[in-house]
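Just below is one structure, and these are the notes that go with it.
The values are calculated or read from the model by the stated rules, or taken from the named source; none is laboratory data. Remember, predicted model here, so these are calculated numbers, not experimental data. Every residue, glycine as well, gets a Cβ built from its backbone with ideal geometry; the counts of neighbours run over all protein chains shown.
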Amino acid sequence: MTPDQEYVLRTVEERGVRLIRLWFTDVLGQLKSVAISPAELDTVFEEGVQFDGTAIDGFSRVHEADVLARPDATTFELLPWAKADEPSGRMFCNIATLDGHPFDGDPRQILQRNLRSARERGFTLYAAPEVEFFYFDSSSASEGRPVPLDNASYFDLTTADISSDLRKTTIHTLEAMGIPVEYSFHEDSPSQHEIDLRYTEALSMADNLMTLRLVVKKIALDRGAHATFLPKPLNGVQGSGMHTHLSLFEGDTNVFHDPDDELGMSEIAKHFTAGLLHHAREITAVTNQLVNSYKRLTESSEAPPYVVWARNNRSALVRVPVRKQGKPTSARIEYRALDGTANPYLAFSLILAAGLRGIDEQYPLPDETNLNLFEIDDNERKRLGVAALPRSLQEALDVMEESELVRDTLGDHVFEWFLRNKRAEWSEFQSRVTPFELERYLGSW
Amino acid sequence: MEPLLVFPNPPPAELAQALDLGGWAWKGASGLNEARADQPADGWVGAVVFADTDPEEAFRICRSIRSGDIHVGSILLLINGGHLASLDFREDLFDDFCLTPFHPVELEARLKHLFRRSRQLARAEVIEYDALAMNLETYQAAIDGRPLDLTFMEYELLKFLASHPGKVFTRETLLSRVWGYDYYGGARTVDVHIRRLRSKLGEEHANLIQTVRSVGYSFGSSRWG
C-alpha cells in the first residue's frame, strides 16, 4: 500500500464515502465508470477490478475479453454533486490485461507512454485548453432541432440569463474539484460559452478535460438544459473548438522561450511548431474525430483550415501569442484545430509526438503567414504552398492511415481500431439522405 | 498529542520560537513540582532542558528524571559552549546536547533525531490556523468547519505549509520536501498545486497561501512577526 492509497482509504473512512467511481476513457473519448463500495477498495488497490471490456469502444481483444481497472490514487476526488448523506468519490484508472501488462487500448496509458518518452529527453508538456460549448433547451436537443438558451453574444453581460448561471455553477464545481479556471465568458454565438482552464501538466489536463465534460453536461442536465461540445451544432453561426496552448518545460525552464529571438521563440519552439505543422494533416482524424468536426473547420473565422502559423492571424493553425515582457514562463504556442469531442489523451499524445519529431529531426520553421487565407482562392493558396487540413473525416482517415508517426504514437491496436471504427462511421454518414439534399433537390428534380 | 517538557518556564524566546516553528507541542515547567503536576498520563515523551539560566536546577531536574521521579522518554540538554566542563561525570543525565547559542536548524535536527526515533507522539497531530484545521492523524482538513476535499499531494503540500506559518519557501524547497527529489515535474508542479489548493480553499481563504514574488510561497503569518 502506497502513502497515497492509504490517504484515500483513510479519507473514504473519515468522510463516510459510500461509493467510489472508477473512471476510464474509451478510445473514442467517452468517459466510462465502474462503481465499487468502500469495503472493496483495499483489494482493488492491490488487484484492480476485473470487467468485460468487449462492450467498451476500442477495448475488444482477440483472445480474451476481460481487463483490469487499476485506480490511480493520486486522482481521488470527492464528487461535489453527490448527496450529503451519500458521499461519493472518483479516481481515474489505468487499464491492464489480466497478466498485469498495460492494456494497448487504454488511451490514458498511451498518453503516459508518450509523456515518458518526452521526459527521457527532459521535457514536460503543459497544456491549457479553451473549451467552447453550447447550451440548448433539452427537449429541443433531444428532438435534434437545438434551440439556444439565449440569444446573447460575445462578452454580453447577461447576468439574469440562465446559461450564464449554468456556467457560474459549473466553474464553482470545477474549482472545488481542483480544476482551476482562468477565464470564462459568453462566446460569439447564441448560448455559446467558453471556459479556459489554467495550464497543468498534460496528463492531469486530459483527466481534467474528461471531468470538465461531465461537469458541464451534468450541471446543464440538472437544470433542464443540454450542453454540447459538438463542433458545429447550428448552421450559420460559429462552431465550438478547443484551442489549446502548449509549452514544454525542462525542469523549471520554459524551453519555448528565447529572449534574444525576435519572436521570443527558442529553436526548440520553432522545431516543435514545424513538427506540428508538418504532421498536422496526419493527426487531424484524431484531433477532429467526428463527421461534424469538418463543418467547423471550413469557413468559420475562428477555425483554422490552413496549415500555417502566425502571431496574429485567425486563419492560422498555430498561433504564437505575443507575450507580455519579462514573462519567460508564459512562452507558448496555440494549436487551434482541436475540438472538444477529441479524446484528449490521444490528441495530446499526437500533438506531442508531432512536436517532438520536429525537434528530433530539426524541421525548419516555415515563414510566418500574415495573409488572410480566407480571402484568397485555392489556386493562389496552392501557388503559395499553403496546405489545407483535410476537408472531411474521410480525407483525414486517408491521411492518417499513411502516417507512421500516428501508428507509432497510438500503437497498432488503437491505430487500427480507430481507423476501422471511423471508416464505418463515415460510410454510414455517406449512405444517409441529409436534409440538405431534400431541401435542395426534392422540389426541382 | 503529547507535549515535550521544556525547562525553564518561560523558556528563552528563541527556544520557544524554534519549537513552535518546528511544529512541536511543548509545555514549560519552572521546576520539578510543576513538571510532576502537569505530567501526562503516559509520562513526558521527552524533555528539553535549557541549562544556561539556572544550571543547578537544570541538573536537578535531569537527575530526578533519571531516578524515575517523573517519567520522561529522552532528555536534550541545551548548554553554553563555555560550560562544557560542567558536563563531566554528568553524561548519564542527558541523551544528547546542543550548544547555545543554538542554531535553529541544528536544534530541529537534534529534536527530530531524539524524539522522532523514540516515539512520534511529540509532533502536534492537529494544525490549527485561523479558519484552517488539519488533523494529521485522520488526514482530514477543514476550513471554517467545512471539510476540504484534497488529493494526497494537495494535502501534503498544505500540511507542510501550514506547519510553518509565515515561513517563505522556494518552489525548489517545496518540491524537494513535499514531492521528494525524484519528482520530474519541476517547480511548475508547485505552482499548479498551489493554484489547486487556493481553488479548494475558496475565494475567502485563498489568501492564506501567499505568493512571494520571485521567491516562492508562504502560509499565513508567523506568530513571531
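When you scan region A:225-238, how many residues do you find that are in contact with a strand residue (DSSP E or B) (Cβ under 8 Å, 6 or more places away or on another chain) and in a loop (DSSP other than H, G, I, E, B)? Please lay out each step first, then the result.
Just the residues of region A:225-238 that are in contact with a strand residue (DSSP E or B) (Cβ under 8 Å, 6 or more places away or on another chain), to begin with: A:225-230, A:233-234, A:237-238.
Restricting the remaining residues to those that are in a loop (DSSP other than H, G, I, E, B) gives A:229-230, A:233-234, A:237-238.
Looking only at that region, the number is 6.
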Among (1) under 15 Å from residue A:6 (Cα atoms); (2) touching a strand residue (DSSP E or B) at 6+ places or on another chain (Cβ under 8 Å); (3) surrounded by fewer than 19 Cβ atoms within 10 Å (Cβ to Cβ), the one test that residue B:147 misses: (1)
Close pairs from region A:249-266: first within 23 Å of residue A:116 (Cβ to Cβ), partner surrounded by fewer than 16 Cβ atoms within 10 Å (Cβ to Cβ) and not acidic (Asp, Glu), Cβ under 7 Å, at least 6 apart: A:250/A:122; A:254/A:328
Residue in region A:299-319 that is surrounded by fewer than 23 Cβ atoms within 10 Å (Cβ to Cβ), in a loop (DSSP other than H, G, I, E, B) and more than 26 Å from the chain's Cα centre (by Cα) present: no
Enumerated helices (runs of 4 or more DSSP H) restricted to region A:332-445, each holding at least 1 residues that are under 30 Å from residue A:254 (Cβ atoms): A:344-360, A:404-430
Among residues of region A:235-261, those that are over 17 Å from residue A:327 (Cβ atoms), away from chain B (no Cβ under 13 Å) and of a type in the set (D, E, K, R), counted: 0
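May I ask you to list the residues in region B:198-208 that are more than 13 Å from chain A (Cβ to nearest Cβ) and either of a type outside the set (S, T, N, Q) or over 25 Å from residue A:172 (Cα atoms) (or both)? Spell out the reasoning first.
In the first step, residues of region B:198-208 are kept if they are more than 13 Å from chain A (Cβ to nearest Cβ); the result is B:207-208.
Result: B:208, single match.
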Region A:372-390, subset touching a residue at least 40 places away in the same chain (Cβ under 8 Å) and out of contact with any helix residue (DSSP H, G or I) (no Cβ under 6 Å at 6 or more places or on another chain), residue farthest from residue A:274 (Cα to Cα): A:374
Test: residue in region A:198-218 that is within 14 Å of chain B (Cβ to nearest Cβ), without any contact (Cβ under 8 Å) to a residue 24 or more places away in the chain and outside any helix (DSSP H, G or I): no
Boolean, residue A:389 is assigned by TED's automatic domain parsing to the domain that holds residue A:242, of a type outside the set (Asp, Glu) and in contact with a Pro (Cβ under 6 Å, 6 or more places away or on another chain): yes
Residue that is under 30 Å from residue B:178 (Cα atoms), in contact with a helix residue (DSSP H, G or I) (Cβ under 8 Å, 6 or more places away or on another chain) and either of a type in the set (Asp, Glu) or surrounded by 17 or more Cβ atoms within 10 Å (Cβ to Cβ) (or both), where the choices are A:74, A:11, A:2: A:74
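Would you point out which residue out of A:192, A:238 is assigned by TED's automatic domain parsing to the domain that holds residue A:340, out of contact with any helix residue (DSSP H, G or I) (no Cβ under 6 Å at 6 or more places or on another chain), surrounded by fewer than 22 Cβ atoms within 10 Å (Cβ to Cβ) and of a type in the set (S, T, N, Q)?
On the way: A:192 fails: surrounded by fewer than 22 Cβ atoms within 10 Å (Cβ to Cβ).
Within the list A:192, A:238, the selection yields A:238.
Would you call residue A:418 surrounded by 19 or more Cβ atoms within 10 Å (Cβ to Cβ) and not polar (S, T, N, Q)? Spell out the reasoning first.
Details: surrounded by 19 or more Cβ atoms within 10 Å (Cβ to Cβ): yes; not polar (S, T, N, Q): yes.
Here the answer is yes, as residue A:418 does meet what is asked.
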Subset of region B:126-156 that is more than 13 Å from every other protein chain (Cβ to nearest Cβ) and in a loop (DSSP other than H, G, I, E, B) - its residue that is nearest to the chain's Cα centre (by Cα): B:130
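Which one of A:366, A:328 is over 30 Å from residue A:407 (Cα atoms), out of contact with any Cys (no Cβ under 9 Å at 6 or more places or on another chain) and in contact (Cβ under 8 Å) with a residue 24 or more places away in the chain? Talk me through it step by step, then tell me what you get.
Working: A:366 fails: over 30 Å from residue A:407 (Cα atoms).
The unique qualifying residue is A:328.
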